Structures are given as structure tokens and as C-alpha cells.
Amino acid sequence: QRRVAVGREREGGRESERERESGHVVIDIISYGCVAKYRPYLALEHPSSYVNISGTLIIPYMVMKLLLGMGLIGVAKPLMSEVFSGVLPAVVTAGFASSFILMLSCGNLGGRLGWAALSDKLGRRPTFHLFTFGSIGIYAALPTIVNQVIEQQSVASLMLFCGMSVTAISIFGGVYSILPAYESDLFGTKYVGANHGKMLLFSSTAAILGPVTFLSLRDMSEKSAIADLTAKVDPTAFTEKFGSDITMLDQLVETKTVTLAKLMEIAPSGTVDPTPFLYHSSFYSIAGVLGIAALCHSMIRPVDAKWFEKVEAK
């Protein structure tokens, strides 16, 4: 937090109490990832600003929101192959997985155009609320849709999964499309270019963390599934298959000697393959992170008019 003198302020021709105490009016500058010398306060003719101390939360909100879109794009092809190829091998081929990535790309482009047009009607702040809460519903529903595809071998449910994934990515594209205008609403137009540069810096962080987060959650689910599946396997069959006993499981998993596919070969009859469910924890975790993002965004409040940058009437 930094205090910056911005000149003397008069209230009815008289000095304010803060002036009498310090000799000048002091405004608290909160760093939202913007350069400290920037004054992200709007002039009086822009009373609709939504920035105050809690405006700092726009940064974690953007990181969490963009991280999830980047993550889904990064794991789209292996996700489609691992989850659905074993259930619908005639439908989910390598070509279908590539087409799924193409659909996500089209959703990204369509979102940049469609959500931008819609935001002109709804307003930027309500549109960002729609992005967050809508994404929570989408990611929380995806595991249920995956279960329907697996249990019913339903192509319709598979198409629903693809459609909801495309919608989620369209929101990702919409965030980038509307972000400059939303930054103008939040910080004013004077330094919108510099502020947008700071936002892009954090989006680069999200681009790195997104796929890593998805794959880390998937690996955690895989290790848990391997441990559960190993408990159901006959120890003698395990030793014959892998040349080591169960006590060496961790080392065998690290070297990829033990995999879910190989364990299923010696698993008892009727054992359900856990591979299609490996991304469930990722989807639920994403929904939880989006809940935190929604909380961050909802805490942004209008600036008190006394902190607005004064504009001299001409």
C-alpha cells in the first residue's frame, strides 16, 4: 500500500479534516498488478467505477478464470481418448479427438465475437458474473455426463459433453474479448493499455499453470485408482505379472511398469476400469476454484465518490 499526495481538495471552500491534519489530501493507491504511479481512479464524469480496495481481487480472479480454459485446451485430446475411446471405439477415433480440438478452437473464436456482442446488452460486470457462475455449472456437470456416456454408451451424451466443453471454451475466449473494455470500466481509460499489459502477464502465468494443474490432478487420481485396483488383485498374480511384490508398488508406478491397463488384465472379473473417471477430480476441483473466483469478483465494489480524481470544469 502506498500513499500519494494528489493536491489540495476543498469542501465548500474550506479545507477538509484530512488537509488540516496533513497539509494535503492523501489517496491510498492499491497495487492491482498495475504500476504504482498509475492512478486507477476515474474522473467524476465516470461514477460507475467498480474499483476499491477489493479491486485487487481482479488479478486472482483473472488468473483462476483463464487457468481453467488454458488447462482444458491443453488436455483436450488425451482427455477425449482416455475417457471415451474405450467405451465408444467406433466413434471416438483419433480423427474424432482432432475434431474435438477443432470444435474448441471454433468455440474460442465464437466466444470472442458472441460474448462481446452480448456484453454490450448486459454490461461487462454482469457478463463476467455470467462467465463465472455459468462455468461452475458446466464443470460440475461434466462428471455426470461422463458417467452417462460410460453407463449407457450414449452418443447423445458424448455430444452433450462436447457441446458443454465448447461452451466453456467460448467463455474463455469471451474473457479475452471483453477484458480491455472491462479494464476501462474498472481503472479508467487513461492507462488502459498499460493495465491490459499487466493482465496479459498474468494470463501467461495461467497458460503455464493450466495444463500442469489438469495433469497433476489427473496423475493424483491415477495413483489413487492404481492403489485401489491393486488391493483387489491377487498378490500372487501381481508378482507373476510384474516380477515384484505389491510392496514395490510405488517404484513400479513411477517407472510405468504398473499401469491401469496392465492391472485390469489381472483384475477379478467384473472389475470396472477406472480410466474413464480419472478426470472427475479435475472437473470438481475446477468448479471449486471457480467458486473462489466468483467470490473474488463479487467483492469488487463501487469507489466512494470522495476518492475520484477531480476534473476542473472548463
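Brief remarks on what is shown
- Rounded to the nearest whole Hz, the Karplus-based 3J(HN,Hα) values (6.51 cos²θ - 1.76 cosθ + 1.60, θ = phi - 60°) of region 258-267 follow the sequence 9, 10, 4, 4, 6, 5, 5, 5, 10, 6, with x at glycine and proline.
- Residue-wise HN-Hα couplings along region 84-101, as the Karplus relation 6.51 cos²θ - 1.76 cosθ + 1.60 with θ = phi - 60° gives them from phi, are 10, 5, x, 8, 10, x, 6, 9, 8, 9, 4, x, 5, 4, 5, 5, 4, 5 Hz; Gly and Pro carry x.
- Under 14 Å, Cβ to Cβ, from Val92 - net charge with Lys/Arg +1 and Asp/Glu -1: 0
- At R0 = 45 Å, FRET efficiency that the Cβ-Cβ distance of Thr259 and Thr167 yields, to 0.05: 0.85
- About the centre of its Cα atoms, region 126-257 shows a dipole size close to 500 debye [charges on the beta carbon of Lys, Arg (+1) and Asp, Glu (-1) only; nearest 20 debye].
- Note on Ser298 and Thr205: their simple-model spin labels are 2.4 nm apart, each label 7 Å out from Cα toward Cβ.
- Annotation: amide H-H contacts under 5 Å for Val258 (H modelled 1.01 Å from N, sequence separation of 5 or more, or interchain): Val253.
- Region 141-183, accessible surface, carbon-and-sulfur percent (1.4 angstrom probe): 58
- Rough spin-label spacing in nm, given labels placed 7 Å along Cα→Cβ, for Asp228 and Cys106: 3.6
- FRET efficiency, His196 to Thr144 (Cβ-Cβ, R0 41 Å, nearest 0.05): 0.65
- Under 12 Å, Cβ to Cβ, from Val212 - net charge with Lys/Arg +1 and Asp/Glu -1: 0
- Each residue of region 186-196 was assigned a 3J(HN,Hα) from its phi angle through the Karplus curve 6.51 cos²θ - 1.76 cosθ + 1.60 (θ = phi - 60°); the sequence is 7, 10, x, 8, 4, 10, 5, x, 5, 5, 5 Hz, with glycine and proline shown as x.
- Environment charge at Ser281 (Cβ cut-off 15 Å; Lys +1, Arg +1, Asp -1, Glu -1): -2
- Restraint check, Lys77/Lys223; Lys77/Lys198; Lys65/Lys232; Lys65/Lys262, Cα-Cα greater than 29 Å: Lys77/Lys198; Lys65/Lys232; Lys65/Lys262
- 1.4 Å probe accessible area per residue over region 153-236, in Å²: 43
The values are calculated or read from the model by the stated rules, or taken from the named source; none is laboratory data. Model, not experiment: these values are computed from the prediction. Note that we place each Cβ from the backbone using ideal geometry, even for glycine, and neighbour counts take in every protein chain shown. Only protein heavy atoms, including side chains, enter the accessible area calculation; ligands, DNA and RNA are left aside. Shrake-Rupley method; radii C 1.70, N 1.55, O 1.52, S 1.80 Å.
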